[in-house]
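Below is one structure; the comments refer to it alone.
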Amino acid sequence: MEKIEKDVAKDYWENQAKTHKGSHLASWSDNFMIELEIDAVGEHISSGDHVLDIGCANGYSAFQQLERHKDVGSITGVDFAENMIKQANMLKKAQWIGDIIKFEVGDINSLQFPDDTFDVAYATRVVTLMSTWEEQQIAINECLRVVKPGGKVIFSEPFLEPFTLLNAMRQLKDMPPLIEHDSNRFFKKAVLEEFFTQKGLTFKVNDFSSIYYLGSRFLRELVTDPAAYPGFNPINRIFFDIEKDFSGGGFGIQQAYIVTK
Ligand SMILES: C[S@@+](CC[C@H](N)C(=O)[O-])C[C@H]1O[C@@H](n2cnc3c(N)ncnc32)[C@H](O)[C@@H]1O
């Protein structure tokens, strides 16, 4: 990423932290998606694990993981935005949480940890912020480097294929296309899978938001006028509840790849 572009991106996230403080809004307004993503990551955290959250923002998800996995070995969050880390550390102090969780400034492209340090690492909506596939590969390699052999790295990122599928369906119903921020950076499934396969890595895919995306980005607009619900549309909750019982179908723009090192 060019230095100027990286500085602009960093300024954006620094301001998000200042504006939204400890709220999930600092990273995404769709709290149902964040909940589903936390569940998808949390499935791979076990008792005693040392966990790294890469691009942790204000620590919203890391705190949730600690809440759900009280017997975890440790959780370390890193983010390149100093204000995010400042916010996370303020929240930690306010909750009187000890060193089981810690937050440090760090860049996904050159993490400050030795090889083979963590049992589990996860990056949720961070790698595809890198400008090109070449830069994304550097970030992926860095996440893999810091995990122990046999450990897991979870990448939860947006994918081009479900995005295209949903937009094709929307076009059939004369709906405007979904405009996702920087969709040209979205992962392509075939390319990502080839990358892991070439490295001899095994992976599993969790299409953890398919029903939710189908409902909240397509079906909802067939039955309601989006203008009538400028903020929260209650139909989202219905599909969130269904998603918790049934996943899959290939509509989830956001999917998780669980890679075993
Ligand atoms: C979309 S938010 C996702 C935050 C969090 N992972 C979550 O699940 O809510 C992206 C985060 O990645 C951070 N980020 C962007 N580029 C980064 C980099 N090169 N190294 C570390 N963090 C980065 C941003 O500061 C921001 O907090």
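The values are calculated or read from the model by the stated rules, or taken from the named source; none is laboratory data. Everything numeric here is computed off the predicted structure, so don't read it as measured data. Every residue, glycine as well, gets a Cβ built from its backbone with ideal geometry; the counts of neighbours run over all protein chains shown.
Segment 10-109 holds helices (runs of 4 or more DSSP H) entirely within its bounds, and those carrying 1 or more residues that are near the ligand (Cβ under 8 Å from one of its atoms) and either out of contact with any helix residue (DSSP H, G or I) (no Cβ under 9 Å at 6 or more places or on another chain) or farther than 26 Å from PHE239 by Cα (or both) map to 82-94. Taking the numbered list (1) without any contact (Cβ under 8 Å) to a residue 40 or more places away in the chain; (2) touching a Leu at 6+ places or on another chain (Cβ under 7 Å) in turn, GLY59 passes all entries but (1).
In the condition set (1) in contact (Cβ under 8 Å) with a residue 24 or more places away in the chain; (2) surrounded by 12 or more Cβ atoms within 10 Å (Cβ to Cβ); (3) over 18 Å from the mean Cα position of the chain (by Cα), TYR229 is compliant with all but (1). Filtering segment 146-176 to residues that are farther than 17 Å from PHE251 by Cα and crowded, with 17+ Cβ neighbours inside 10 Å leaves VAL146, VAL147, GLY151, LYS152, VAL153, ILE154, PHE155. When segment 110-126 is filtered for residues that are in contact with a Gly (Cβ under 8 Å, 6 or more places away or on another chain), more than 9 Å from the ligand (Cβ to nearest atom) and β-branched (Val, Ile, Thr), only VAL120 remains. For segment 165-198, filtering for residues that are in a helix (DSSP H, G or I) and modelled with pLDDT of 95 or more leaves 18. Looking only at residues of segment 89-119 that are touching a residue at least 60 places away in the same chain (Cβ under 8 Å) and not aromatic (Phe, Trp, Tyr), we find that the one that is farthest from ASP49 (Cα to Cα) is MET90.
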